[in-house]
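The values are calculated or read from the model by the stated rules, or taken from the named source; none is laboratory data. Model, not experiment: these values are computed from the prediction. Note: ideal-geometry Cβ built from the backbone for every residue, glycine included; neighbour counts use all protein chains shown. Protein only, heavy atoms only, side chains kept; ligands, DNA and RNA dropped before computing areas. Shrake-Rupley method; radii C 1.70, N 1.55, O 1.52, S 1.80 Å.
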Amino acid sequence: MTHWITQAACKDLDTELFFPPDGAPGNTAKQICNGCPVVTDCLLYALTDLQLVGVWGATSHKQRKQIH
């Protein structure tokens, strides 16, 4: 496990927040991410594995595909 995960704002939250139904923007999760001290680390991690779904680093799977 990478060190940044232990500092993530989401570490003790219900993971369902970060896996919204198809087509849903995941705004609640993104708000949590935007206040997280390790949001950049999380985003970089998610960009290394485009198979990851859900909200990571305040971005959706679709957004990460556009960044990559």
Q: Give the carbon-plus-sulfur fraction of the accessible surface of the chain in %, rounded to a whole number; probe 1.4 Å, heavy atoms of protein chains only.
A: 55 percent
Q: Take every Cα pair under 8 Å in the chain that's 6+ residues apart, average their separations, divide by the length, and report that relative contact order as a whole percent.
A: 31 percent
(Q) Could you give each residue of the range 61-68 its phi-based ³J(HN,Hα) in whole Hz, using Karplus coefficients 6.51, -1.76, 1.60 with θ = phi - 60°, and x for Gly or Pro? (A) 4, 4, 5, 5, 5, 6, 5, 5
(Q) Going by amide H atoms built from the backbone, whose H comes under 5 Å of the H on Trp56, apart from near neighbours? (A) none
Q | Theoretical ellipticity at 222 nm over the chain - DSSP helices of four or more residues, -39500 (n - 2.57) apiece, nearest 500 | A | -9500 deg cm²/dmol
Q: Please build a GNM for the chain, connecting alpha carbons under 10 Å apart, and tell me which residue among Gly35, Gly23, Gly54 fluctuates the most.
A: Gly23
Q.
Place a point 7 Å from the Cα of Leu17 along the Cα-to-Cβ direction; which residues of the range 30-68 have their backbone N under 12 Å from it?
A. 30-36
Q) Taking the Cα-to-Cβ direction at Asn27 and at His68 and moving 7 Å from each Cα, how far apart do the two end points lie in nm? A) 2.8 nm
Q | Inter-probe distance in nm under a simple model that places probes 7 Å from Cα toward Cβ, at His3 and Leu47 | A | 2.1 nm
